[in-house]
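Since the structure comes first, as structure tokens, the remarks are kept for the end.
The values are calculated or read from the model by the stated rules, or taken from the named source; none is laboratory data. Note that the coordinates shown come from a computational prediction; the quantities given were computed from them, not determined experimentally. Every residue, glycine among them, receives a Cβ derived from its backbone with ideal geometry; neighbour counts consider all protein chains shown. When the accessible area is computed, the model is the full protein with side chains, heavy atoms only, and any ligands, DNA or RNA have been set aside. Shrake-Rupley method; radii C 1.70, N 1.55, O 1.52, S 1.80 Å.
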Amino acid sequence: MTMTQKILAHAAGFSTVEAGYLILVRPDRVLGNDITAPVAINEFREMGATRVYDPARISLVMDHFAPNKDIKAAAQCKLCRDFAHEMGISGFYDGGAMGIEHVLLPELGLVTAGDVVIGADSHTCTYGALGAFATGVGSTDMAVAIKTGKAWFKVPEAIRIVLTGKLNAWVSGKDLILSIIGSIGVDGALYQSMEFCGPGVATLSMSDRLCICNMAIEAGAKNGIFPVDERTIAFLEEVGAQVPVVFTADEDAEYVSTIEIDLGAITPTVAFPHLPENARTFEGGLPASYSLQGSSSAQDPIGFIPIDQVVIGSCTNGRLEDLQIAAEILRGRKIAPNLRVIIIPGTQKVYLDAMAQGLLRVFVEAGALVSTPTCGPCLGGHMGILAAGERAVATTNRNFVGRMGHTESEVYLASPAVAAASAVCGCITDPRTLM
């Protein structure tokens with residue numbers, strides 16, 4: 001079995017499973033936010049439920065339209081707040097305890113290796129970086145899970161991604177996952193597990209791994225997952241997570257395909273509108289060594305693209321390491337004229353740590369705005385909506401039509417390094433040219 005299959009088999013009480021099996025599992029954590037949880041709560045009521053299966057295993061995070069941007073958003077959060085109080089759910093995060101959900105839960109030690117985590121948010125796959133099986137579900141599935149403590153899955157097939165070498169300076173996990181999606185396409189891993197392995201894994205930071213797994217869904221994957229190594233264990237111990245249960249893939253595990261990637265061959269990568277698969281590099285192509293399908297857009301150089309806004313944050317790149325990278329480029333520099341730059345720390349702790357390190361001063365002195373933690377601009381909610389004809393470089397995870405505002409706006413996905421360099425120059429810029 002693969003790593004994912006072993007976790008699912010254990011959670012279902014089976015000694016073995018195969019790809020395609022339909023199984024019922026008991027999730028270790030069920031997650032909802034201020035957009036998806038209200039739908040689940042209403043469905044929960046419709047089922048006639050009066051108690052949740054385990055208040056300690058449910059997390060409700062107000063992060064998408066929070067701080068409340070309007071009356072409807074306030075009503076959504078109030079519904080969640082009242083439900084949490086009624087059901088005795090202590091894991092309700094709002095106000096000063098808030099954060100972007102997929103940055104907050106790992107920080108609080110609420111997920112550990114071997115867990116099964118489901119969330120009514122597609123980027124729940126983030127927690128695969130910790131050696132957990134984590135995936136997004138619909139609000140109705142969330143309602144059933146918080147009532148019964150059960151969730152059903154079809155056991156996925158898997159793609160093995162073997163990493164060797166080491167990323168070069170100013171290249172990060174964001175560049176790697178954009179390169180992979182650019183190679184295999186947005187449906188290249190449809191309902192499959194993206195399982196990372198190889199000696200290159202040890203060179204990736206936890207922030208890199210969390211970013212990579214976060215965007216597994218953008219390749220259509222059911223989940224992304226990394227092996228549990230010394231770095232994983234150290235992180236879990238630091239945040240006070242429960243003792244991990246470590247699963248490893250069998251040597252004879254079956255994979256539908258294998259991709260081999262030399263991390264040293266990855267260069268700064270940008271996904272053009274309006275799909276994450278429209279990946280381009282400043283060199284004008286992606287490494288042919290692992291390109292399975294390749295897209296015509298991936299062979300075109302980036303060129304001169306003037307921009308109106310930069311967003312650095314989100315559940316993809318709102319961690320302290322991301323802000324440190326951006327600050328290193330922005331320190332002593334000024335943001336280009338007529339350009340809006342919004343920096344969004346992923347949690348209150350990230351905000352405080354960035355403050356203690358002087359990063360917030362760097363951002364403000366450069367001419368950027370610093371926001372409280374929120375998903376706001378990523379989904380076109382608030383805190384950075386685009387007008388018709390405007391372009392943004394964002395460290396977010398999606399660039400669909402109208403994702404950040406008007407349907408005639410454009411979003412270019414990039415790493416914190418590319419975003420910060422672009423903020424200085426006013427156009428999409430290779431950070432290597434500034435450092």
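Observations
- Residue that is farthest from residue 424 (Cα to Cα) [pool: residues in segment 296-336 that are at pLDDT 95 or above and among the β-branched types (Val, Ile, Thr)]: 316
- Number of residues in segment 215-238 that are in contact (Cβ under 8 Å) with a residue 60 or more places away in the chain and outside any helix (DSSP H, G or I): the value is 9.
- Residues of segment 322-339 satisfying the condition of being in contact with a strand residue (DSSP E or B) (Cβ under 9 Å, 6 or more places away or on another chain) and either assigned to a loop (DSSP other than H, G, I, E, B) or at positive phi (or both): 335, 336, 339
- Any hit, segment 215-235, residues being open to solvent by less than 20 Å² (accessible area, probe 1.4 Å), closer than 25 Å to residue 313 by Cα and acidic (Asp, Glu): yes
- Within segment 340-350, the residues that satisfy the criterion of being surrounded by fewer than 23 Cβ atoms within 10 Å (Cβ to Cβ) and in contact with a Pro (Cβ under 9 Å, 6 or more places away or on another chain) are 342, 348.
- Any hit, segment 357-365, residues being of a type in the set (Val, Ile, Thr), more than 20 Å from residue 306 (Cβ to Cβ), touching a residue at least 12 places away in the same chain (Cβ under 8 Å) and open to solvent by less than 40 Å² (accessible area, probe 1.4 Å): yes
- Considering segment 392-435, and only residues there that are of a type in the set (S, T, N, Q) and open to solvent by less than 40 Å² (accessible area, probe 1.4 Å), the residue that is nearest to residue 341 (Cα to Cα) turns out to be 422.
- Unmet requirement for residue 114, which otherwise passes all of (1) in a helix (DSSP H, G or I); (2) in contact with an Asp or Glu (Cβ under 9 Å, 6 or more places away or on another chain); (3) surrounded by fewer than 23 Cβ atoms within 10 Å (Cβ to Cβ); (4) not hydrophobic (A, V, I, L, M, F, W, C): (1)
- Residue list for segment 82-91, filter: outside any loop (DSSP other than H, G, I, E, B) and surrounded by fewer than 22 Cβ atoms within 10 Å (Cβ to Cβ): 82, 85, 86, 87
- For segment 130-156, a residue qualifies if it is within 23 Å of the chain's Cα centre (by Cα), of a type in the set (Ser, Thr, Tyr) and over 24 Å from residue 209 (Cα atoms), and the qualifying residues are 139, 140.
- Considering segment 1-39, the residues that are open to solvent by 60 Å² or more (accessible area, probe 1.4 Å) and charged (D, E, K, R) include one that is farthest from residue 160 (Cα to Cα), namely 26.
- Every pair of residues 6+ apart whose Cβ atoms lie under 6 Å, when the first sits in segment 77-101 and is without any contact (Cβ under 8 Å) to a residue 60 or more places away in the chain and outside the structural domain of residue 372 (by TED's automatic domain parsing) while the second is assigned to a helix (DSSP H, G or I) and aliphatic (A, V, I, L, M): 80/37; 83/41; 92/84
- Taking the criterion of being in a loop (DSSP other than H, G, I, E, B) and within 13 Å of residue 161 (Cβ to Cβ), the residues of segment 182-214 that qualify are 188, 189, 198, 204.
- Boolean, residue 135 is open to solvent by 10 Å² or more (accessible area, probe 1.4 Å), among the hydroxyl-bearing types (Ser, Thr, Tyr) and outside the structural domain of residue 415 (by TED's automatic domain parsing): no
- Annotation: of all residues in segment 45-75 being over 11 Å from residue 89 (Cβ atoms) and buried (at least 24 other Cβ atoms within 10 Å of the Cβ), the one that is modelled with the lowest pLDDT is 66.
- Each residue in segment 239-261 was checked for being part of a strand (DSSP E or B), open to solvent by less than 70 Å² (accessible area, probe 1.4 Å) and over 19 Å from residue 6 (Cβ atoms), and 3 pass.
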